[in-house]
Amino acid sequence: MRACRRQVLVLAAAALAAAALAGCQKAVPAHKFNAVDLTGAEYARKFDLPDFNGKERTLADFSGKVVVVFFGYTQCPDACPTTMAELAQVKKLLGAESPRVQVLFITVDPERDSAALLKNYVANFGSDFLALRGDTAQVKAVTREFKVFYEKVPGTAPENYTIDHTAGTYVFDPKGHIRLFARNGLPPEQLADDVRALLAESA
């Protein structure tokens with residue numbers, strides 16, 4: 001009889017411990033993203049474009065990494081270089097976790113942005129940054145998939161045009177799912193916090 005009572009007390013204690021542990025786990029607040037949460041979005045789900053070395057790239061190539069995608073062009077005077085510099089800062093803030101983040105620059109100006117030019121451009125911001133470049137039809141397809149707006153604005157000569165375009169950053173988790181859209185101007189510290197949270201999910 002005493003043995004049964006002791007067993008009941010042990011089971012009760014174990015149940016209380018489990019409940020307490022569950023309570024502690026629930027007490028940990030979920031990360032509140034600074035960027036716009038796109039989890040479950042039915043767009044911005046994929047790309048298939050050659051990089052500056054001519055290698056076809058898809059999300060599957062970067063499995064296990066947070067993938068950060070920005071659409072722009074090398075002759076962009078403001079948003080593009082600013083954003084790329086900010087993404088370099090994000091990588092720096094991540095420290096030892098930086099290699100688990102891949103930055104991709106997709107050009108919306110394939111007419112002027114040659115593979116060599118793109119390679120040199122992104123190298124200014126990070127040795128592991130990649131640029132993707134498709135033909136006109138491929139650019140139209142990928143911008144449609146990501147709901148990215150871009151439009152030529154004529155200049156003083158045919159070759160001196162600029163391009164108005166969506167100036168935000170798309171972020172995929174290590175499983176290849178679209179998760180975030182960082183609007184232009186989001187501080188690097190806040191985006192770095194969001195990226196850390198996505199990396200922690202897959203730890």
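Nothing in this text is a laboratory measurement; each read-out follows from the coordinates by a stated rule. Keep in mind the model is a prediction, meaning the values are calculated, not measured. In this analysis, Cβ positions are derived from the backbone assuming ideal geometry, glycine residues included, and neighbour counts consider all displayed protein chains.
Taking a Cβ cut-off of under 9 Å around Ile163, the surrounding Lys, Arg, Asp and Glu residues balance to a net charge of -2, with basic ones at +1 and acidic ones at -1. Where only DSSP H runs of four or more residues are counted, the chain gives -12500 deg cm²/dmol as its mean residue ellipticity at 222 nm, each run worth -39500 (n - 2.57). Output the 0 to 90 degree angle, nearest 10, between the alpha-carbon long axis of helix 79-94 and the longest principal axis computed from the alpha carbons of the chain. So the inclination is approximately 30 degrees. Straight-line cross-link reach from Lys92 at under 19 Å between alpha-carbon atoms covers these aspartates and glutamates, not counting any fewer than eight positions away in the same chain: Asp128, Asp173, Glu189, Asp193, Asp194. The magnitude of the dipole of the chain, with charges of +1 and -1 set on the Cβ of Lys/Arg and Asp/Glu and taken from the Cα centre, is near 1320 debye. Charged neighbours of Phe181, selected by a Cβ distance under 12 Å, balance to +1 (K, R count +1; D, E count -1). Classify region 109-179 as rounded, prolate or oblate, taking a ≥ b ≥ c as the square roots of the eigenvalues of its Cα gyration tensor: rounded when a/c is under 1.5, otherwise prolate if a/b is larger than b/c and oblate if not. Oblate.
Taking every DSSP bridge with both residues inside the chain, close to 65 percent are antiparallel. If I fit a long axis through the Cα atoms of helix 2-27 and take the longest principal axis of the Cα atoms of the chain, what angle between them do I get, 0 to 90°, rounded to 10? Tilt of helix 2-27: around 20 degrees. Between the amide H of Ala44 and those of Phe146, Lys147, distances stay under 5 Å, these residues lying 5 or more places away or on another chain, with hydrogens modeled in the peptide plane. Sorting 189-199, 71-81, 158-168 by their mean Cβ neighbour count within 10 Å, with the most densely packed peptide first, gives 189-199, 71-81, 158-168. Our summary gives the chain a relative contact order of 30 percent, counting only alpha carbon pairs under 8 angstrom and 6 or more residues apart. Between helix 188-201 and the chain there is an angle of about 50 degrees, using the helix long axis and the longest principal axis of the Cα atoms. When peptides 95-107, 170-182 are sorted by average Cβ neighbour count within 10 Å, with the highest value leading, the order is 170-182, 95-107. Local charge for Glu56 was computed over the other residues whose Cβ lies under 12 Å away, with Lys and Arg +1 and Asp and Glu -1, and equals 0.
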